[in-house]
Amino acid sequence: MDEFQTVIGLEVHVELLTDSKMFCGCCAKFGAKPNTQVCPVCLGLPGSLPVVNEKAIELAIRTGIALNCKINHEFVFVRKSYFYPDLPKNFQISQYRNPVAEDGYLTVDGKNIGIARIHLEEDTGKLVHDEQTGMWSAVDFNRSGIPLMEIVTKPEISSPQEAENFLQKLKRLISYIGVSDCIMEEGSLRCDANISVKRKMDLKLGTKVELKNMNSFRSVRRALSYEEQRIIEMLKEDKTVEQETRLWNETLQITEGMRTKEEAHDYRYFPEPDLLPFKIEHDLIERIKVQIGELPDEREKRFQKEYLLSSYDTAILTAEKEIADYFEKALSLHNKPKQIANWIQTELLGLLKEHHIKPGDCKVSPESLARIVKMVDQGTISSAAGKTILKEIFLTGQDPEIFVKEKNLTQITDTAEIEKIILQVIQQNQKAVIDYKTGKPQALGFLVGQVIKQSKNKANPVQVKQLLQKMINE
């Protein structure tokens, strides 16, 4: 491997978070019945005229700013002509020489990876095949015309792992600034990769191979790793590497040849005659910059400096803007950064994942979480009771303090009452008591747990441990 150099470029397709399609008013939501979200424009019927989705342009500009790109103040849409069964017009409205943004970068693990261009286009339809007999194929045009943004990197990625890290970082940024939901299972984030390998002594880049059909970031890394090794073995044997497109076979974990590319395809680009050139005013760009606000890398560094949180904590808290906002709102009501961070990471995020709920749809408000943590910190309720309360009100949104009163979860502070429970536990668990006395400290943890259980999570664990030790040693 040391004698070879790998060069990788990525083409990332991102479906934008708009209510309607790129050039018509059809709904752009995922999951509808086939061909129910279509009209003459997205079906490519004669005489239909496109109208550009303004929000799609603003989202592309937002991405360009976040990726340190130059925003072009003038750009045009073009027709990219090619035939495919799910392309109703036999051309795609896209951009070529004058994209929305170009010449930017994304910093990944301390390295700036160049962004060559960001351009807008419309998505194609989707072919649906009969998996059982293979006798027929149908076309669902619901996806046809969905606003699509393509982000093309410069050939500056040097390993499959770096490619995966880049995609993870890009996904985090795009979802954070509200450009896309980036759900790969729904096709809203797709990636093709170009890879070439050469001997380090060679001045010329190696022959480029394009990889498709990768449905996860892990698949991208594995496909690139396989292809990297395949090309290296060919170079070692002095075999000719063909310029071709290869598909990743997830089942077999190999790439397979799809088609060779002897020369670049002629898409016959020419300006879209039904759309005038666009001019972007400076004021619009400035307004979008203000809307973006603090980017995740900047916020992560601020959380570390201002709240003294670890890089692990801040990476999780800033992975999604809604979570970062939630954290700071809760913190404004109970200024205990580490405690709030722990409750969000270990409890709240777990419940969101379990119930498949997005942070923005969570019924436990930041105010409610702050009150739960505050009650635990003040000793009003135990930590175990706090977790129970959060779990119980997660789906109802009930006020946590009212819930505590209704369920009588206020922590027991009466020493005599706790000692009474401890005495019962000691009598019922003599073996554990003997184990503790004979040098097995883990037995004390068991006894503490039994006391907490019998108190219905209302006893303070620290107080219980101190009283247990005292009563056992008497």
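Brief remarks follow.
- All conditions but one from (1) more than 22 Å from Tyr176 (Cβ to Cβ); (2) not in a loop (DSSP other than H, G, I, E, B) apply to Val12; the one that does not is (1).
- Number of the exception - Tyr267 against (1) in the same structural domain as Arg172 (by TED's automatic domain parsing); (2) in a helix (DSSP H, G or I): (2)
- Of all residues in the range 26-51, those that are more than 18 Å from Ser81 (Cα to Cα) have Cβ atoms under 6 Å from Cβ atoms of residues that are among the basic types (Lys, Arg) and surrounded by 14 or more Cβ atoms within 10 Å (Cβ to Cβ), 6 or more apart or on another chain, in Ala28/Lys21.
- Test: Ser180 is polar (S, T, N, Q), part of a loop (DSSP other than H, G, I, E, B) and farther than 30 Å from Arg230 by Cα: yes
- Single condition Ser81 does not satisfy, out of (1) surrounded by 21 or more Cβ atoms within 10 Å (Cβ to Cβ); (2) among the hydroxyl-bearing types (Ser, Thr, Tyr); (3) at pLDDT below 95: (1)
Rundown of residues vs (1) acidic (Asp, Glu); (2) under 25 Å from Lys154 (Cβ atoms); (3) in contact with a helix residue (DSSP H, G or I) (Cβ under 8 Å, 6 or more places away or on another chain); (4) touching a residue at least 24 places away in the same chain (Cβ under 8 Å), yes/no style:
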position	(1), (2), (3), (4)
Ala193	no, yes, yes, yes
Lys212	no, yes, no, yes
Gln229	no, yes, no, no
Lys239	no, no, no, no
Tyr269	no, yes, no, yes
Leu276	no, no, no, no
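- Members of the range 417-453 that are buried (at least 16 other Cβ atoms within 10 Å of the Cβ) and among the polar types (S, T, N, Q): Asn429, Gln450
- Sole exception among (1) under 17 Å from Lys289 (Cα atoms); (2) surrounded by fewer than 16 Cβ atoms within 10 Å (Cβ to Cβ); (3) under 21 Å from the mean Cα position of the chain (by Cα) for Gly110, by number: (1)
- Residue match in the range 377-397 (condition: touching a Lys or Arg at 6+ places or on another chain (Cβ under 9 Å), among the aromatic types (Phe, Trp, Tyr) and surrounded by 13 or more Cβ atoms within 10 Å (Cβ to Cβ)): yes
The values are calculated or read from the model by the stated rules, or taken from the named source; none is laboratory data. Just so it is clear, the model here is predicted, and its values are computed rather than measured. Using ideal geometry, Cβ is built from the backbone for each residue, glycine included, and neighbour counts are taken over all protein chains shown.
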